[in-house]
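Single-structure report; data block below.
The values are calculated or read from the model by the stated rules, or taken from the named source; none is laboratory data. All values reported here derive from a predicted model rather than from experimental measurement. As a convention, Cβ positions derive from the backbone with ideal geometry for all residues, glycine included, and neighbour counts pool all protein chains shown. Quick note on the areas: whole protein, heavy atoms, side chains included, nothing else; ligands and nucleic acids left out. Shrake-Rupley method; radii C 1.70, N 1.55, O 1.52, S 1.80 Å.
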Amino acid sequence: MTDEIVLQAKGITKRFPGVLANDRVDFDLCKGEIHALLGENGAGKTTLMNILYGLYRPDAGEIWVNGRQVTLHSPRDSIRLGIGMVHQHFMLVPVFTVTENIMLGAETLHREMGGMPVTGWQRWWQTIQLDVLDRQGVAKKIAELSHQYGLDVDPDAMVGDLPVGIQQRVEIVKALYRQANILILDEPTAVLTPQEAEELFRIMNQLRERGVSIIFITHKLKEVMAVADRITVMRAGRVVGTVTPQATDEAQLASMMVGRNVILTVEKKPTQAGEEVLRVEGLRIRDARGLEAVRGVSFSIRAGEILGIAGVQGNGQTELVEALTGLRLPHAGRILIAGRELEDLSPRAILEAGTAHIPEDRQRHGLVLPYAVADNLVLCTYYQPPFGVRSVLQPKAIDSYAGRLIQDFDIRTPSAYVAASKLSGGNQQKVVVARELSRPIRLLIANQPTRGLDVGSIEYIHREIVAMRDQGIAVLLVSAELDEIMALADRIAVMYRGQIVAEVDAQSARREQIGLWMAGVHD
Amino acid sequence: MDWRRFGFIALIIAILFSVMVLIGRVQTSPIVIVTSMMATTIAVATPLTLGALSGIFCERAGVVNIGIEGMMLAAAFFGWLASIYLNHVYKFAPLPSLIGGVVAAVLTGGLFALLHALLSVTFKVDQIIGGTVINILAVGITGFLNRQLFFEEGSIFGGDVPHAPGTLPRIAIPILADFPVVGRIFDQQPITFAAILLVMVTHFVLFYTRWGLRTRAVGEHPRAADTVGISVERVRYMNVVIGGLMAGLGGAYFTLESVSSFEPLMTNGRGFISLAAMIFGNWTPFGAWAAALIFGAAQALQINMQFFREVIPPQLAILQISYVVGLAPYILTMIILTGIVGKTVPPAADGQPYEK
Ligand SMILES: Nc1ncnc2c1ncn2[C@@H]1O[C@H](COP(=O)(O)OP(=O)(O)OP(=O)(O)O)[C@@H](O)[C@H]1O
Ligand SMILES: [Mg+2]
């Protein structure tokens, strides 16, 4: 890292209807540094990055790149200046190959290849291939880049078939292909397994050594302490301060972010387990491609108990949760809720049996994005009194209920009537959690419940989940975050290749042992 | 487009052809019947093919266009009108008048498409409503002008429809058209040839060029396209207008190639059937063309049947009622759209206005 400033924002202000997303923000990035950007949900991090990338125009303020003031009209301008961005929600076309995604907008054409003199029929040939893509040439370049940076990608793979970790690599290669020397990574680790995150850090370090400057947004304080050269903290649209990891610790960062002290560990009484609420016997489930993803899983959860399912993503947890919530039909096995086997495995029937579901993918299964926040908050109960009386919605009841949840769960939104799509990623998550935890239930199925949340919100939701348990609710917690499982669960089951390979009491569980089980190593 | 789908299409066409052969073989040799059916099928599929290509350009860029029917109708009218003007008022020879008419038709399609782009891309009006507006507008304008110009006292043509300059001449492909019997298939009119050529060109453009890559990206994930510096609005505008030009050429078929007159509502649902062909062809040019040929074959059956009315065997007496056969394309449309031959997948952002 040098003191040469490559990117600088001066007094950036951006207003959306009802919110001041960025308020006179100053930010700078030095050559060859990893500059972490922290801040609670809705603090304005993504907005600032979108401005630096040319997607939004600031209402006021200046942007300087390599010592010169610039105006960014569109990403085209920022790309030309060497800025690349990996977005919080990936910007890849699923039905395109890796090559097509990477070349999009920066295509290499056949006529640009080779510098032969053109005469006669060759000229004709060139005119014919005017706009023809050179897929092979690009694939070769991609192969070179991946080799150079150790970013393994298959240029011919269909992006929609790739796991998120690889998709992210494609995004990084996409930026490097455009010769980006300033790289913005917006919450890159939120969707990664710990192993994948480690891999990402290795790549980031390598890029830094080659002089690439990186802005790294995350909510995970451990990661910040481990990889950042400098740390800037934002709160409510403003910059609170910039520190170095040497001069700070996690607790201080947390309190800078949320403006109060955060308790990073969860306090929990021993469990008072009651009668059995959920029983699963010999469940077998096929995934979307028809392969058996869950191969004979059995377990039970009692009232007032949290069962944590640990495991590297993609070992059948997604399918298991989908089956338990009626989104996918198992082809063998039984599901019993409160001792009764459900005849009807539809989502509504399961929901009415007293089940709450926090889905893994909030945008696909958790929210109706174009609907107002208030409508999303009553999505499971709109047809029941007091929200729906004789098929007529009761706006007053919905309004006061929504207002209460927005307050209780600290959902940062200008009002209850903006579309859920306008909220920041973390606040969208809070809408889902608020809806699911606020109705009378006896079983909570939570899949990655704190994905993308800031430490303050995680603290709140963790406490909420424990409180639910203490009220006698059975909780199934699925998380790729081993810390989360260790902190909350009373019992831990480890899933590997569609089976539960081990089940232990949380008190006697050892981190390393669980890590080994997750990796498929058995004593 | 998978092979199962092409197989299904081939099967249906084979069935339709067989029916004709069964009926006509007492009078005419099967080879002659099949050849004649094939030639007619290719010709009458032309507007459907062009309509489907029009839809492909629009929808691959993410804009639903149900206004193709109206674009074709308007193009048919204005192309025809232009040819008459050129021929009678400006005294051009028939062939240049017809060519001028085709140009006018194509431009009409483009102009209506520009309106559709304005409504759906710039003003973000619901795209179905935008398309409906175009359909209604086309019916109104063509009907009104047709009456005003030709049937009102004191109008330019004095309440009398002048003779149109005929239809576009046939072009025989050298060598191929000289084969006995089957040569007939290679002796077609220019818009028909153009449609087939455009199928190939569209396929190439869509899947092998920068234009096509960007178009498809905008139709699948406009925000991703935006983040790599592609202007979503520009791409949508261009493709919708190109689609309009195609629909315009399809419209020209009705009044300048098939017959030499205009009748109100003469497109008769062809624009909508071409959308069905586009869907059944899974938004690919060759698939859509193949699907258009099914409808072409059904129509060819109806046309050829007229020559064999007397010899229809009693078991098939029902076919004597001409509208039973006439219904075939519409019934086929419904069957095909139920998805019995597997599901098709539209572009992911099809029909959604793009907002930053
Ligand atoms: N397109 C938009 N229209 C209206 N409001 C928006 C829009 N984008 C963001 N906002 C608002 O601006 C504020 C800042 O959002 P932003 O996405 O920048 O937060 P963030 O810091 O990235 O949060 P998170 O950690 O949850 O991703 C939020 O209150 C959000 O509701
Ligand atoms: Mg964000």
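Here are the numbers for the structure shown:
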read-out: Selection from segment A:230-263 of residues that are in a helix (DSSP H, G or I) and within 17 Å of A:I34 (Cβ to Cβ); value: A:P245, A:Q246, A:A247, A:L253
read-out: A:E322, sole failed condition from (1) of a type outside the set (G, A, S); (2) touching a residue at least 40 places away in the same chain (Cβ under 8 Å); (3) not in a loop (DSSP other than H, G, I, E, B); value: (2)
read-out: Residues satisfying the stated conditions in segment A:53-81, i.e. within 13 Å of chain B (Cβ to nearest Cβ) and either within 16 Å of ligand 2 (Cβ to nearest atom) or assigned to a loop (DSSP other than H, G, I, E, B) (or both); value: A:Y53, A:G54, A:L55, A:Y56, A:R57, A:L72, A:H73, A:S74, A:L81
read-out: Hey, A:E144 out of contact with any Leu (no Cβ under 7 Å at 6 or more places or on another chain) and under 20 Å from A:N101 (Cβ atoms) or not; value: yes
read-out: Filtered residue count, segment A:193-216, keeping only those that are at pLDDT 95 or above and either within 16 Å of ligand 1 (Cβ to nearest atom) or closer than 19 Å to A:G426 by Cα (or both); value: 2
read-out: Condition check for A:Q313: over 26 Å from A:D470 (Cα atoms), open to solvent by 40 Å² or more (accessible area, probe 1.4 Å) and assigned to a helix (DSSP H, G or I); value: no
read-out: Unique residue being assigned by TED's automatic domain parsing to the domain that holds A:A9 and buried (at least 21 other Cβ atoms within 10 Å of the Cβ) when the list is A:V280, A:V233, A:V240; value: A:V233
read-out: Positions within segment A:18-40 being within 30 Å of A:A419 (Cβ to Cβ) and in contact with a strand residue (DSSP E or B) (Cβ under 7 Å, 6 or more places away or on another chain), in sequence order; value: A:A21, A:N22, A:D23, A:R24, A:V25, A:F27, A:L37, A:L38, A:G39, A:E40
read-out: Selection within segment A:84-98 - open to solvent by 20 Å² or more (accessible area, probe 1.4 Å), over 21 Å from A:Y53 (Cβ atoms) and more than 7 Å from chain B (Cβ to nearest Cβ); value: A:P94, A:T97
read-out: Pair list, Cβ < 8 Å and 6+ apart or interchain, from segment A:19-40 residues that are without any contact (Cβ under 8 Å) to a residue 60 or more places away in the chain to residues that are more than 16 Å from ligand 1 (Cβ to nearest atom); value: A:D28/A:I5; A:D28/A:L7; A:D28/A:Q8
read-out: Counted residues, segment A:176-191 - those being within 16 Å of ligand 1 (Cβ to nearest atom), part of a loop (DSSP other than H, G, I, E, B) and in contact with a Gly (Cβ under 9 Å, 6 or more places away or on another chain); value: 3
read-out: Qualifying residue in segment A:293-301 (condition: outside any strand (DSSP E or B) and of a type outside the set (F, W, Y)); value: no
read-out: Failed item, numbered, when B:T192 is tested on (1) crowded, with 19+ Cβ neighbours inside 10 Å; (2) within 14 Å of chain A (Cβ to nearest Cβ); (3) among the β-branched types (V, I, T); value: (2)
read-out: Single match in A:L130, A:L109, A:L104 (criterion: farther than 30 Å from A:R238 by Cα, more than 16 Å from ligand 1 (Cβ to nearest atom), within 11 Å of chain B (Cβ to nearest Cβ) and at pLDDT 90 or above); value: A:L104
read-out: Condition met for A:V392 (closer than 24 Å to A:V191 by Cα, at pLDDT 90 or above and not assigned by TED's automatic domain parsing to the domain that holds A:P449); value: no
read-out: Yes/no for A:A226 being open to solvent by 50 Å² or more (accessible area, probe 1.4 Å), of a type outside the set (D, E), within 15 Å of ligand 2 (Cβ to nearest atom) and out of contact with any strand residue (DSSP E or B) (no Cβ under 6 Å at 6 or more places or on another chain); value: no
read-out: Residue check for A:G11: more than 16 Å from A:F216 (Cβ to Cβ), more than 15 Å from ligand 1 (Cβ to nearest atom) and crowded, with 16+ Cβ neighbours inside 10 Å; value: no
read-out: Residue, farthest from ligand 1 (Cβ to nearest atom), within segment A:44-66, restricted to residues that are of a type in the set (D, E, K, R) and surrounded by fewer than 24 Cβ atoms within 10 Å (Cβ to Cβ); value: A:E62
read-out: Breaking point among (1) more than 16 Å from ligand 2 (Cβ to nearest atom); (2) closer than 24 Å to A:K220 by Cβ; (3) part of a loop (DSSP other than H, G, I, E, B), for A:E107; value: (2)
read-out: Restricting segment A:413-427 to residues that are among the small types (G, A, S) and within 14 Å of chain B (Cβ to nearest Cβ), the residue that is nearest to ligand 2 (Cβ to nearest atom); value: A:S421
read-out: Selection count where residues are within 13 Å of ligand 2 (Cβ to nearest atom) and open to solvent by 10 Å² or more (accessible area, probe 1.4 Å), scope segment A:22-43; value: 2
read-out: Of all residues making up segment A:174-185, the number that are under 14 Å from A:I79 (Cα atoms) and either among the hydrophobic types (A, V, I, L, M, F, W, C) or open to solvent by less than 20 Å² (accessible area, probe 1.4 Å) (or both); value: 7
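So that you can scan it fast, the table gives a plain yes or no per residue for (1) surrounded by 16 or more Cβ atoms within 10 Å (Cβ to Cβ); (2) within 16 Å of ligand 1 (Cβ to nearest atom); (3) within 26 Å of A:E196 (Cβ to Cβ):
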| site | (1), (2), (3) |
| --- | --- |
| A:G426 | yes, yes, yes |
| A:L443 | yes, no, no |
| A:E481 | yes, no, yes |
| A:Y496 | yes, no, yes |
